[in-house]
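The values are calculated or read from the model by the stated rules, or taken from the named source; none is laboratory data. As the structure is a prediction and not an experimental result, all values here were calculated from the model. In this analysis, Cβ positions are derived from the backbone assuming ideal geometry, glycine residues included, and neighbour counts consider all displayed protein chains.
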Amino acid sequence: MKLLNVRVQDDAYELGVLTDKGVLTLSKAARRFGATAPLTIQEVIEQGDTGQDIVRQLVSQAIDDGDVSLFEHPDSIQYGPCVTSPEKIICVGTNYQAHAAESNLPTPTSPPLFSKFNNSLAGHGSIVQIPHQTEQVDYEVELVIVMGKTAKDVSEEEALSYVFGYATGNDLSARDLQFRTSQWLLGKTCDGFAPIGPYVVTADEVQNPNDLNLECRVNGQLRQSSNTKDMIFNCEFLVSYISRHMTLRPGDVIFTGTPEGVILGFPESERQWLSSGDEIVTSVEGLGRLRVVLE
């Protein structure tokens, strides 16, 4: 399934499902058919297989009903972040060899971890404000893991069974703030600097998260093109490694790192940092295109 959040107010969302007929809002379908259903993405995640089965049944019922008014065109809605309230947003730095090289950073022997906060979440189609304090905004296409179960000290062999789904992400970064000190946090946690979406695809529909093409385009120009098989630390290693140091909770989000092609990797004389009006479209194979515009 492809689960998304429809923005109905500034910080209010309705849970939706992208189907071949359009976007079905779960609350509308539940009222129509007198059903009880999870109405937030967090509820679906926490209810596990039961929650997903209920959603699938409602979708099937709505499609069989044939009432087109139950569905909205995907281009007619406002998207929120596909996950809205993670306890933790964990990011992995320099997880592609070529990106480490272009950034003049050493190849890590353990995953470098940093965090973002909920203020940085943004959805597909969002306008992201460039902070006044930075002049060096950069893009980073990333595969995002969404946790489905509480994970503590899990093995690599079982790690992916704890995953709810996957999404496309963009780890927007203010490089001048990021490298102001040895801690990257300041350049990573600006408002709207963690777009994720347009939807989260449940894990059963992703055959192998370690073999997905991903790319980033700025104003239509291809900037990044790679595959998750080039990650230094793959998805199961990351989930296992992180779970050995902190408990992962349902709904937690892991940004798995970006490949080469970021602005930081260009020679200094050729760097043209992102500016107001730039459109950034990141995509991961099977997980959709995530579009944001800077202002």
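Structure notes:
- Scan of segment 65-90 for residues that are among the small types (Gly, Ala, Ser) and more than 30 Å from Pro112 (Cα to Cα), ordered by number: Gly66, Ser69, Ser76
- Any chance Pro195 is of a type outside the set (S, T, N, Q), farther than 24 Å from Thr109 by Cα and buried (at least 23 other Cβ atoms within 10 Å of the Cβ): yes
- Residue within segment 221-242 that is among the aromatic types (Phe, Trp, Tyr), under 20 Å from the mean Cα position of the chain (by Cα) and buried (at least 22 other Cβ atoms within 10 Å of the Cβ) present: no
- Which numbered condition Ala174 fails, given (1) surrounded by 20 or more Cβ atoms within 10 Å (Cβ to Cβ); (2) in contact (Cβ under 8 Å) with a residue 60 or more places away in the chain: (2)
- Residue match in segment 208-216 (condition: in the same structural domain as Ser103 (by TED's automatic domain parsing), in contact with a Ser or Thr (Cβ under 8 Å, 6 or more places away or on another chain) and among the acidic types (Asp, Glu)): yes
- Any hit, segment 221-230, residues being within 30 Å of Lys152 (Cα to Cα) and in contact (Cβ under 8 Å) with a residue 60 or more places away in the chain: yes
- Strands (runs of 3 or more DSSP E) (entirely within segment 1-101) containing at least 3 residues that are over 21 Å from Glu205 (Cβ atoms): 2-9, 12-19, 89-92
- Of the residues making up segment 241-288, those that are assigned to a strand (DSSP E or B) and either closer than 25 Å to Tyr162 by Cα or in contact with a Gly (Cβ under 9 Å, 6 or more places away or on another chain) (or both) are Leu248, Val253, Ile254, Phe255, Glu279, Val281, Thr282, Ser283, Val284, Gly288.
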